[in-house]
Amino acid sequence: MVQRKIIIDTDPGQDDAVAILLALASPEEIDVLGITCVAGNVPLELTSKNARIICELAGKPDVPVYAGCDRPLGRNLVTAEHVHGKTGLNGPVLPDPQMPLQETHAVDFIIETLRAEPPGTVTLCPLGPLTNIATALNKAPDIAERVQEIVLMGGAYFEVGNITPTAEFNIYVDPQAAEIAFKSGIDIVVMPLDVTHKALVTPDRNEAFRNLETPVGTAVAQMTDFFERFDKEKYGSDGAPLHDPCVTAYLLRPDLFSGRHINVEIETGSELTMGMTVADWWGVTDRPPNALFINDLDADGFFSLLTERLARL
Ligand code: BDR
Ligand code: CA
């Protein structure tokens, strides 16, 4: 497999943390050029701290981490401490990071990297609200044609909403930013709730993380122990959905996933359905496809991959 250069844009978040760990555990296939942080699950100060905590947990303190936008483009920030806890990484007790935050703004890092690398060689992996990505596209429209692909976690169609009746959290927090990304003409792969709700950490799967008997395995088990209560109560599910790791797992094993190439538009007008991903799953419009919308995965294959990779850290 050809090594893929990626930028992870993130708001950690326990599931973001697992997504980052999976990427950092896979250097043969994935070259993480940098991690850019955005306000989302918790405010920016915490997401940019949490990203560094995770790099250090992985034993990779040299990965550059950048702070980006601290609020959505045109709305007030909505956070999700009710899911992720006060710090965003509740569960394990992990030390404060020693590695520095880079001085460059995340948006400038995204722009500079895309301009410096050969066109079509850098994939963007947004795991939170799309504010940094949209700000970069607004500031430097020339980068759109240089992006290899965007593989993002966000949206929902059959599962509809988790933060409102119709909207998924990442898209709801910054729908204007999401609209810019979906209209950019860049190839997009979407991991919506339809697939991430199938990536469930059952008790057996969490035991497998714990049985690694490594700091990473223990921390991941403790994160999902904490994070699962929300979905158990809300959906009656068996455990925590690993939303964001679907993105990095897709880079490693796209064959584990399936979906349809369809048109996806973002609701930005109606307060009632703000941030809804209007996915033309059944092809009832003439709107051209702009995204590969994933709806299924081989969950056992996904968890085998994840456990095997986390064991390498
Ligand atoms: C998404 O929202 C966040 O809470 C998670 O980290 C994930 O990116 C799921 O809706
Ligand atoms: Ca996230």
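Since every read-out is calculated from the coordinates, none of them should be taken as a lab result. Everything numeric here is computed off the predicted structure, so don't read it as measured data. Every residue, glycine among them, receives a Cβ derived from its backbone with ideal geometry; neighbour counts consider all protein chains shown.
Annotation for F158 and K232: the two label points, set 7 Å from Cα along the Cα-Cβ direction, are 2.6 nm apart.
Of all lysines in the structure, the ones whose alpha carbon falls short of 25 Å from that of K234, not counting any fewer than 8 places away in one chain, are K86, K198. Net charge near P43: determine it from the other residues with C-beta under 12 Å of the C-beta of P43, scoring Lys and Arg +1 and Asp and Glu -1. Here the count lands on -1.
Neighbours of G68, meaning other residues whose beta-carbon lies under 11 angstrom from its beta-carbon, give a summed charge of -3 when Lys and Arg score +1 and Asp and Glu score -1. Here the Karplus relation 6.51 cos²θ - 1.76 cosθ + 1.60, evaluated at θ = phi - 60°, turns the backbone of the range 140-150 into coupling constants of 9, x, 5, 6, 3, 7, 8, 6, 5, 5, 10 Hz, with x for every Gly and Pro.
Run the quick spin-label model on E28 and R312: label points 7 Å from Cα toward the beta carbon, then report their separation in nm to one decimal. The two pseudo-label positions are separated by 0.6 nm.
Across the chain, counting alpha-carbon atoms alone, Rg and Dmax equal 17.6, 53 Å. Eigen-decomposition of the gyration tensor built on the alpha-carbon atoms of the range 234-313 gives equivalent ellipsoid semi-axes of 29, 17, 11 angstrom, largest listed first.
Remark on I30: its backbone amide H falls under 5 Å from those of R4, a criterion applied only to residues 5 or more positions apart or on other chains, H modelled at 1.01 Å from N. With each label modelled as a point 7 angstrom along the Cα→C-beta vector, the T121-R260 pair spans 3.7 nm. Computed packing ranks the peptides 277-285, 51-59 as 51-59, 277-285, most packed first, by mean other Cβ atoms within 10 Å.
Packing here is the average count of other Cβ atoms within 10 Å per residue, and on that basis the peptides 154-161, 303-310, highest first, run 154-161, 303-310. Which translational diffusion coefficient, to the nearest whole µm²/s, is obtained for the range 11-118 from the Stokes-Einstein equation, given a Kirkwood hydrodynamic radius over C-alpha pairs, 10 °C and 1.306 mPa s? Result for D is 111 µm²/s. Distance from the Cα centroid of the range 28-77 to that of the range 146-203 is 18 Å (rounded to whole angstrom). Considering only the Cα atoms of the range 55-124, their convex hull presents on average a projected area of 7.0 nm². Partners of K5 within straight-line reach, counting lysines whose Cα lies under 20 Å from its Cα and excluding those fewer than 8 residues away in the same chain: K60. In a fully extended conformation the segment linking D96 and V2 would gain 30.4 nm over its present Cα-Cα distance, using 0.36 nm per residue.
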